[in-house]
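Asker: This structure is in structure tokens; I'll ask about it shortly.
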Amino acid sequence: MPLTFYAYNAREGGRHVVAGVTRITKHRFPKLAAWRNQPGVASFRRKNEGRLPQRALDVLTCQTENDACLNCNDTTSNTCPPGQACYNLFKRRWSNIFSNNLMIKQTSNNMGYGVFVRTNRTIPRGTWIGEYVGELIPFDPNRVNGSNYEYDFHGNIARVDAVAHGNFLRFVNHACDNNVDSNEYTIGGRLCILFRARRNIVGGQELTLNYGAQFFQPPNLCRCSLLLLPHAARELESDSEEESDED
């Protein structure tokens, strides 16, 4: 049975199932035909000796040979000695973040659902919040009508699309003065898109991410609280350079 998300609505005094999206805990790999028939698969095949991926891990481990593992700092992470163990070990840092500290609820600014810190909880600066997961699809430079839930891996090998299948991070909304950053890392030889707190986030506050200026093209303007009127998205200087004790 597919897993679902529950969201809280203060006006209705309870929680309800979020329709239209399935909750997953790891990347979903579509049927192989979806890769074979997509024009964007040529980019992946060039980087993978002409082979098609057979599973999600084939996509995630493509072209990571020179990337240092975030867990053990091995610079040949495609053959990282701990491999899966490195990934599992690092994943413990965020395994209970959502269940213990966060919740999905209706926003008060007409932005749909958002991710909020629970009352009497705090997410310290530098905390690893989670890995963005979704359906792995081939990168296609000609794709113009993609969803608003897509991330591209570097090297144009694939995209992660969480529009229909994802985890709680798909509900993180935009703000120019964001309190969360997202970056691509390699752990145990696999690519990961990780979210991390760039400052302390206290109970009641919403987790926000800067989607970037390319996301907001006229007439679609940012409506975050940085300015009173709709505006072009801005990227403010990050305050996450100082590492926290969570490292």
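The values are calculated or read from the model by the stated rules, or taken from the named source; none is laboratory data. Worth saying up front: this structure is predicted, and the values here are computed from it rather than measured. Here the Cβ positions follow ideal geometry from the backbone for every residue, glycine too, while neighbour counts run over all protein chains shown.
Asker: Hey, among G155, G134, which residue is small (G, A, S) and touching an Asp or Glu at 6+ places or on another chain (Cβ under 8 Å)?
Answerer: G134
Asker: Whether any residue in region 35-43 is over 27 Å from N109 (Cα atoms), in a loop (DSSP other than H, G, I, E, B) and basic (K, R) is what I want to check.
Answerer: No, region 35-43 has no match at all.
Asker: Any chance you could count how many residues in region 94-105 are in contact with a strand residue (DSSP E or B) (Cβ under 8 Å, 6 or more places away or on another chain) and either assigned to a helix (DSSP H, G or I) or more than 20 Å from N120 (Cα to Cα) (or both)?
Answerer: Residues flagged as in contact with a strand residue (DSSP E or B) (Cβ under 8 Å, 6 or more places away or on another chain) and either assigned to a helix (DSSP H, G or I) or more than 20 Å from N120 (Cα to Cα) (or both) within region 94-105 amount to 3.
Asker: Follow-up question, since we're still on this one. Working only within region 129-151, note down all residues that are part of a strand (DSSP E or B) and in contact (Cβ under 8 Å) with a residue 40 or more places away in the chain.
Answerer: Within region 129-151, I129, G130, E131, E135, L136, I137, Y151 qualify.
Asker: Right, another one. For N183, which of the numbered conditions (1) out of contact with any Pro (no Cβ under 8 Å at 6 or more places or on another chain); (2) at pLDDT below 90; (3) surrounded by fewer than 18 Cβ atoms within 10 Å (Cβ to Cβ) fails to hold?
Answerer: With respect to (1) out of contact with any Pro (no Cβ under 8 Å at 6 or more places or on another chain); (2) at pLDDT below 90; (3) surrounded by fewer than 18 Cβ atoms within 10 Å (Cβ to Cβ), N183 is out only on (2).
Asker: Restricting attention to region 159-184, report how many residues are farther than 26 Å from L3 by Cβ and either in a loop (DSSP other than H, G, I, E, B) or of a type in the set (D, E) (or both).
Answerer: The number of residues fulfilling the criteria is 6.
Asker: Consider G189 carefully, then state whether it is surrounded by 18 or more Cβ atoms within 10 Å (Cβ to Cβ), farther than 23 Å from G146 by Cβ and not acidic (D, E). Let's see the steps before the verdict.
Answerer: Details: surrounded by 18 or more Cβ atoms within 10 Å (Cβ to Cβ): yes; farther than 23 Å from G146 by Cβ: yes; not acidic (D, E): yes.
In short, yes.
Asker: Any residue in region 13-26 that is modelled with pLDDT of 90 or more, small (G, A, S) and assigned to a loop (DSSP other than H, G, I, E, B)?
Answerer: Yes, some residue in region 13-26 is modelled with pLDDT of 90 or more, small (G, A, S) and assigned to a loop (DSSP other than H, G, I, E, B).
Asker: Go through region 123-148 and report how many residues are crowded, with 21+ Cβ neighbours inside 10 Å, of a type in the set (G, A, S) and out of contact with any helix residue (DSSP H, G or I) (no Cβ under 6 Å at 6 or more places or on another chain).
Answerer: 1
Asker: Same structure, new question: May I ask you to say which residue of N88, N120, N66 is polar (S, T, N, Q), part of a loop (DSSP other than H, G, I, E, B), exposed (fewer than 15 other Cβ atoms within 10 Å of the Cβ) and at pLDDT 85 or above?
Answerer: N120
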